[in-house]
1. Say we look at the stretch B:419-443 and pick out the residues that are over 16 Å from residue B:389 (Cα atoms) and more than 8 Å from every other protein chain (Cβ to nearest Cβ); which of these is farthest from the chain's Cα centre (by Cα)?
2. Which of (1) in contact with a helix residue (DSSP H, G or I) (Cβ under 9 Å, 6 or more places away or on another chain); (2) over 30 Å from residue B:261 (Cα atoms); (3) in a helix (DSSP H, G or I) does residue B:464 not meet, given it meets every other one?
3. Collect the residues in the stretch A:174-201 that are touching a helix residue (DSSP H, G or I) at 6+ places or on another chain (Cβ under 7 Å) and more than 20 Å from residue B:463 (Cβ to Cβ), keeping them in residue-number order.
4. Would you mind finding the one in A:35, A:14 that is in contact (Cβ under 8 Å) with a residue 40 or more places away in the chain and under 27 Å from residue A:212 (Cα atoms)?
5. What pairs come out if I take residues in the stretch A:79-105 that are away from every other protein chain (no Cβ under 14 Å) and pair them with residues that are outside any helix (DSSP H, G or I) whose C-beta lies under 7 Å away, six or more apart or interchain?
6. Which members of the stretch A:109-138 meet the condition of being farther than 17 Å from residue B:403 by Cβ and surrounded by 12 or more Cβ atoms within 10 Å (Cβ to Cβ)?
7. Residues in the stretch A:87-108 that are surrounded by 11 or more Cβ atoms within 10 Å (Cβ to Cβ), in a helix (DSSP H, G or I) and over 26 Å from the mean Cα position of the chain (by Cα): how many?
8. Suppose we filter A:4, A:24 for residues that are surrounded by 12 or more Cβ atoms within 10 Å (Cβ to Cβ) and free of Cβ contacts under 8 Å to residues at least 24 places away in the same chain; which single one remains?
């Protein structure tokens, strides 16, 4: 059991990981083919894994309907739409009218609705977060106000009223400075740390030092 | 005396006329002194580089012309016309091939490919699948290209030319690919193209210069020299050597500190508040009798951030099993779902509570971004988890999830490597792991010497980068004063190509 649950998967990870690293440095057509082939494999596996995903989804909603848990009626609606979309897709193709109608008139407006809630959530998060409790919070509050004012037409109105010698203090100039200088410096510092962490984590996974993702102890 | 003056006056006029006309000829163009061809370094795609020194008579209306032939004796045909003012044709702009050396500022280059591909193109009717046309093309003059769009009918037209085997003529044909009907694209015919064979055909090149414009532009002038090169197979991308060296250094640091950590497991790790609060969050959920919600983020298990999140899940699931609490993991991807199921199951087995494991608590919920968000928000409102773990890469849904969690009063520990979502998590969550802390979390929670050792090695890499930044600033500044190209080497070494 150790062979199948541990050693073989670790060997696959090691060979695949080292192999793809080598392909990155070797400019042969074989390398390009291997890299392209591995991407295709990932996509194929992801597509087949959807079967598992749909089974899991249907099972969890079926259990809800069977037990008549709270909100079980929504599970029935989920089944109706799942079956309806599959029939529309297989029957008339993904470019067919019915499938496109479902996408254009149900999926897109629903996604847009959920996304639009973000505006209100930003307001509520800002109301809680932007309080000058300490120096760091005060700096964040001032920066947020500058960026918000600079992004709306009101910022341009302020800029128009400023004399030429003070144009560098216009909200849009301050926003550009904030985003491109201190903001960019912070983003780059975070990304530097992330990239090094990704290298270290990849090394741990490729060489089998970290095996938590396979479940269980070493 | 008067006759002599008239003679000189008329001669001057005639001479001036010649001078004016001389500007419109190519006689005053000076050809480059050097022209040669080399195999393109670190490429194995059959390409060679043609390199020549800059002409002193380069100008805005002057072009370099490269002529090509299959034989050294000709006939040569015009193949490439390069604007002599084009910055991209400067060899010094391509540090991948030519390095940081100043001397290449006086050279120009053009990369040419000597591969000839045999391509099979098939055109099928989109509705019936019936093959309408299928042919191979490998001869000069045979092409498949030029998509045109007819603005009146909205038709996308595919044009091809091929050599008729019987008559030897180059013929052309057109097929409609798609049409617009009611603002929607309707596919009429499908085109597929496959490369059947590739061969290298030796070519010979000549370099010339010409002046652009004018009513009848003058003919180009040529260097007598004919150059050629044979493309070779290269086995290593030398421009990525810096990348490999830094990678090896990282590996050496990590290996060293893993061995050091095995001997002395007590390595100092700075406090990370978000990770210290994991126990508190799980304990709170257990006391309140409410579940814990765990999200692995936007991406599938093929992304390193999701794997890092799953590594943390292993530690969290062990604690949940020990506390006899419940963990719900709604997944956006089926592969991540199966991995999470396995990890949580093993965690419960390790804690001696295999009976407490419920596979129905780890499920696939939705594949689309906002479908997933809406479903998880609904789950939070119904199940009212006492603790939310949002660990992984997130996109626009980050604030939606975090705010809903805040609304239901859950303690929230978030962590992401998406730099644009970190501010939202900081504003809406109780604890936030920023960037690399997400990847360090599994080491922090498990305190396994081998994994903690890799953290130290990673920190050494950071020191290396900081040193490089400081030295780079110093040497580049010095280099700009002393005009010495060797000072730019450090910048060249740390540039990703």
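1. That would be B:443.
2. Looking at each condition in turn, residue B:464 falls short on (2).
3. Within the stretch A:174-201, A:174, A:175, A:178 qualify.
4. A:14
5. Note: pairs meeting the criteria are A:88/A:96.
6. A:110, A:111, A:132, A:137, A:138
7. Total satisfying the criteria: 8.
8. After applying the criteria, what remains is A:24.
The values are calculated or read from the model by the stated rules, or taken from the named source; none is laboratory data. Since this is a predicted model, take the numbers as computed values, not measurements. No Cβ is skipped: glycine too gets one built from the backbone with ideal geometry, and neighbour counts run over all protein chains shown.
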